[in-house]
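Some notes on the structure that comes next.
Computed from the coordinates by the stated procedures, all read-outs in this text should not be read as laboratory data. Small disclaimer: the values here were computed from a predicted structure and weren't measured. Cβ placement follows ideal geometry from the backbone for every residue including glycine, while neighbour counts extend to all protein chains displayed.
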Amino acid sequence: MYRQFDTVIIGAGPAGLSCAISLRKRDHSVCVIEKATFPRHKTCAGLVTYKTYRLIELLFEGEDISPLFCDTAEKASMYRRSERLVTAPLLREVRLVNRVTFDNALADKYTSMGGVMLEGQRDFSVDDRNKTLTLSNGDIIYYRYLIYSDGALSISHKMGALDKSDLAFGLEVYIPSEKLSIDGVNLYFDYLDDGYSWAFPHKDEVCIGIAERYRKGKDYKKILTDILCDLKVDTDGLHFIGAFLPYGRAYPQEKLPDHVMLLGDAAGLADPITGEGLYMALRSGIFASSSLSDPHPKRSYLKKIQPFLRIVKEGRKVQKFFYTPSVTKMFYERVKDNDRAVSFFFEQMVDEYRYPYSDMRRLYRDYQKTKKNH
């Protein structure tokens, strides 16, 4: 048996499904291939910034999206291990999603529009020359365009050399909120060499996790367990969930055939400083869908994601600089009790990208101006 589609998307995460939903709005025939079966969980802290919220509104235009969010936060706190450095109010409350609920909603939206979803597809082969994908049962799918959105360890990366040291490793666990009470979103530093830990509210639970550049042989479970012990959380019987994440390396898509595109984590599109991946995932999916209507789709798509590639490249330089011991020490000193600085940075660089990472000096100068005005 064989079927034919305009586009085949491998991976049913936010990147792939945002692309699939946007293509269905244009009446493109789409088939999404997903190795898992819904509902399934993905490692993700679930923070939704304002720029990301606007994209979710766009995807679900006219619908009530409030059920997608499990919690909100109006303040952010930073810690150096167990020492609280600062608690800062946020200009806009941030929303949080549980990836089980959020991804399910995206999948339901896509299939309700007539999109085809093939779940539980772990074994298949791709023939780029003939533009076919063969499933384990022998069925053949023909396509015009092939889009990979299957995470940082994308099967597309196996076409070239993948160095895991260019990725981050994230590990998280969910704690019942009666065992740990937090007010707002919490970030913890000094437990990791070049990363951070978080504790985010998820309604009846708290999501606690860590992420840093991957180092083979490092015991990340022990690190997270130590953090939980510092937070006085009983670690018996907890279920840890881990995954590789982008960390300042974008995949060179020019090496791939013209009809092949990479989205989100598969393309290495995540902020190297904050670790935020949802925004670039959703936006890259929307960019890819609109590019397929252009005369030169691949060229159009790569042009649209250029700002993201700059963020990844410039952010990696800032990341390396920030995690040098002398700079982190200065950071702890400068940020302590400086809620105004934290609020300003969150508003300008987390909620929105109002400055390039290559121009942090201008960000600092503008912050100093706001201090004078107050």
For the residue 226, residue 164 Cβ pair and Förster radius 30 Å, calculated FRET efficiency rounded to 0.05 is 0.80
Taking the reciprocal of mean 1/r across every pair of different Cα atoms in region 238-374, the Kirkwood radius in Å is 16.9 Å
Shape descriptors of region 249-298 over alpha-carbon atoms, Rg and Dmax in angstrom, are 11.5, 35
Of the listed pairs 42/320; 51/304; 255/298, those with alpha carbons more than 21 Å apart are 42/320
At 20 °C and 1.002 mPa s, the Stokes-Einstein diffusion coefficient in µm²/s for the chain, with hydrodynamic radius from the Kirkwood sum on alpha carbon pairs, is 100 µm²/s
Percent antiparallel among DSSP beta bridges confined to region 57-211, nearest 5, equals 85 percent
Per residue convex hull volume, Cα only, region 74-163, in Å³ is 212 Å³
Length gained if residue 352 through residue 111 is fully extended, taking 0.36 nm per residue and subtracting the Cα-Cα distance, is 83.7 nm
Taking a ≥ b ≥ c as the square roots of the eigenvalues of the Cα gyration tensor, with a/c under 1.5 meaning rounded and otherwise prolate when a/b exceeds b/c and oblate if not, region 315-374 is oblate
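Let me check I've understood the local charge: for residue 83, count other residues with C-beta under 10 angstrom from its C-beta, Lys and Arg +1, Asp and Glu -1. What total comes out?
Overall, the nearby charge balance is +3.
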Connecting every pair of Cα atoms under 10 Å apart in the chain and solving the GNM, the largest mean-square fluctuation among 129, 54, 354 falls on 129
Longest principal axis of the chain (C-alpha) makes with the long axis of helix 325-335 (C-alpha) an angle, in degrees to the nearest 10, of 70 degrees
With only helices counted (DSSP H, runs n ≥ 4, each -39500 (n - 2.57)), the per-residue ellipticity at 222 nm for the chain, to the nearest 500, works out to -9500 deg cm²/dmol
Quick calc, residue 54 & residue 333: beta-carbon distance into FRET formula, R0 41 Å, rounding 0.05, result 0.70
Cα extents of region 205-280 along the principal axes, largest first, in whole Å, come to 52, 29, 23
Of 251, 214, 332, the most mobile residue in a GNM of the chain (C-alpha springs, cutoff 10 Å) is 332
Cα gyration tensor of region 74-113 diagonalised, 5x eigenvalues square-rooted, in angstrom largest first, produces semi-axes 35, 13, 4
Note on region 1-105: the mean projected area of its alpha-carbon convex hull, in nm², is 9.1 nm²
The chain, Gaussian network, Cα under 10 Å: of 208, 182, 305, the residue fluctuating most is 182
Taking Cα atoms only, helix 99-112 is inclined relative to the longest principal axis of the chain by an angle, in degrees rounded to 10, of 30 degrees
The chain: longest segment with zero exposed GluC sites (Glu not before Pro), where exposed means DSSP loop plus at most 16 other C-beta atoms within 10 Å, is residues 179-351
